[in-house]
Amino acid sequence: MLNITFLEKIFVVLGVLFFSGAFSELFRGAPITLLRYIIWGGATVLVCIRWQDSLRVIKSDIFLVLLSVIAFASFLWSDFFVSSLKDSREILQMTSFGLYIAARFTIREQVETIGAAFFIGELMSLLAGVAMPILGIHGSDHPGAWKGVYGYKNLLGAIMVISSFTFFLLPNSNNKLQKIYKWTGFTFGVILMLLSTSKTSLVVSVVLFSALYFYRYFRFVGKTTVIFLDLFILIVSAAITLVLSNWTELLTGIGRDPTLTGRTPMWGIALTRLMDRPLLGFGRGAFWAPGSPYALEAGKAVAVGFVPPHGHNGFIDLALDVGLIGVTLFAISFVIAYFRALKLAYATKAPERMWYLAFLMFFFMNNMTESFMLFKTNIYWTLYLTTTLSLGKKNCSS
């Protein structure tokens, strides 16, 4: 008879693959819709079954809960009411799944299960690139750049950054097969990240692993200066990511002013328009919605006829979605989670206990040039929910 915990882990692996977009290019229409509702419905039922654990976890980060409520309800003030209302279900899907993982599994179980999902994603992407290059490799838009099963090179790169540090931080084991599995997963992640040619992912991975090395071997437990040092490391890491990810454009300008491949004019328009609705923003996804005059205006600042699907900056897009109130709630939630993650990482040398810290640093750095927060259904916000809510539990025991 199959163990219930084993079946739940299979469910989590399936969910992580779904939210990371591993099935989106393979199954369109009814199959992916059915899978969406299976994951959403299953997570909701499991959360209700474990309602006491779920409620305790929810109470651990009230700021994140309030932000989720605002994001869900933002269709009420959106100029695209029907579209925002329809897409509001995505908030519920990510929240229910992230909450379930946080309430149900220990950190060790989470890292092992997430690693298994990404390993499958690695194998799928390698197979797509070798056997189905029309699916796994870009054509004329980005010649030779791999996209795997994730649809775009930057998405593959970002997923592989998470995959590589997940395998790097898997629990230590004396079992030879487990060691082979760990370093095979890590190697595949690095190779696929390089094949994606995503500059942001490469920069983030180098900066992130450098920071993890620092945290692992230079501990300052008990010193008051650690708070300022840790914040300094996070901010500098984000700044390095922003600059190095666009180093070529900053140097050459490619025939125009060096403005981060057109991002800064777009950001300027977005932030200016944010002042029209500073408190609660425009509603989730409304600013960049098809037909939005704001998206047209921001696109014109970059090139004639260009209509951006998002702002290429998670923090700016978050502000446009839920306003300064939402950004403030996120900032409080993130800072609390960050220092909880530092405390957990400093408390032991078990590598898996650094995973939350690694993910939060990745999340912060990657959102400097990509929109990986509330945009559509995505694994990044799902894992952010899992991370912050898990860190809020009284006991993060393995």
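The values are calculated or read from the model by the stated rules, or taken from the named source; none is laboratory data. Predicted, not measured: the structure shown is a model, and the values here were computed from it. Methodologically, a virtual Cβ is constructed for each residue, glycine included, from the backbone with ideal geometry; neighbour enumeration extends over all protein chains shown. These area figures cover heavy atoms from the full protein model, side chains too; ligands, DNA and RNA do not enter into them. Shrake-Rupley method; radii C 1.70, N 1.55, O 1.52, S 1.80 Å.
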Rounded to whole Å², per residue accessible area for the chain with a 1.4 Å probe reads 44 Å²
Two pseudo-spin positions, 7 Å from Cα along C-beta at C48 and at F72, lie apart in nanometres by 1.4 nm
Set K349/K393; K182/K393; K153/K179; K179/K349; K153/K376, cut-off 23 Å on Cα-Cα distance; pairs above it are K182/K393; K153/K179
With the label point 7 Å along the Cα-to-beta-carbon line of A131 and a cut-off under 13 Å to each amide N, the hits in the stretch 137-170 are none
Here D for the stretch 271-359, in µm²/s, from Stokes-Einstein with a Kirkwood Rh over Cα pairs at 10 °C and 1.306 mPa s, works out to 106 µm²/s
Computed ³J(HN,Hα) along the stretch 264-271: with the Karplus parameters 6.51/-1.76/1.60, θ = phi - 60°, integer Hz and x for glycine or proline, the list is 5, x, 5, 5, x, 5, 4, 5
So the carbon and sulfur contribution to the accessible area of the stretch 254-343, 1.4 Å probe, in percent, is 70 percent
Residue span L85 to I62: 0.36 nm per residue of separation minus Cα-Cα distance leaves a gain in nm of 5.9 nm
Per the chain, sqrt(5λ) over the Cα gyration tensor eigenvalues, sorted largest first, in Å, gives 30, 25, 24
If one builds a Gaussian network model of the chain from Cα atoms under 10 Å apart, the most fluctuating residue listed among S20, S83, S371 is S83
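If we count every other residue with Cβ under 10 angstrom of F167's Cβ, Lys/Arg +1 and Asp/Glu -1, where does the sum land? Numbers along the way, then the final one.
Details: positive: K182; negative: E122.
Summing Lys and Arg as +1 and Asp and Glu as -1 gives 0.
What is the Å³ per residue value for the convex hull set by the Cα atoms of the stretch 129-188?
Details: hull volume 4.6 nm³, N = 60.
So the per-residue hull volume is 77 Å³.
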Length-normalised contact order of the chain, Cα under 8 Å, at least 6 apart, in percent, tallies to 23 percent
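Normalise the Cα radius of gyration of the stretch 89-227 by 2.2 N^0.38 Å (N = residues in it) and let me know the number. Can you show the working numbers first?
Numbers: Rg = 17.2 Å, N = 139, 2.2 N^0.38 = 14.3 Å.
My calculation over the Cα atoms of the stretch 89-227 gives 1.20.
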Between the modelled labels at S140 and T5 (7 Å from Cα along Cα→Cβ) the distance in nm is 5.5 nm
Going residue by residue through the stretch 64-78, the Karplus relation 6.51 cos²θ - 1.76 cosθ + 1.60 with θ = phi - 60° gives ³J(HN,Hα) values, rounded to whole Hz and with x marking Gly or Pro, of 5, 4, 5, 4, 5, 5, 5, 4, 5, 7, 5, 5, 5, 10, 7
Applied in sequence order to the stretch 99-116, the curve 6.51 cos²θ - 1.76 cosθ + 1.60 (Karplus, θ = phi - 60°) yields integer Hz couplings, x standing for Gly and Pro, of 5, 4, 4, 5, 6, 8, 10, 6, 4, 4, 5, 4, 5, 5, 6, 4, x, 4
Counting Lys and Arg as +1 and Asp and Glu as -1 over every other residue whose Cβ sits under 13 Å from the Cβ of A358, the net charge comes to +1
Simple spin-label estimate for E297/T187, 7 Å along Cα→Cβ, in nm, reads 5.4 nm
Expressed in angstrom and rounded, the centroid-to-centroid distance over alpha carbons for the stretch 342-398 and the stretch 34-95 is 19 Å
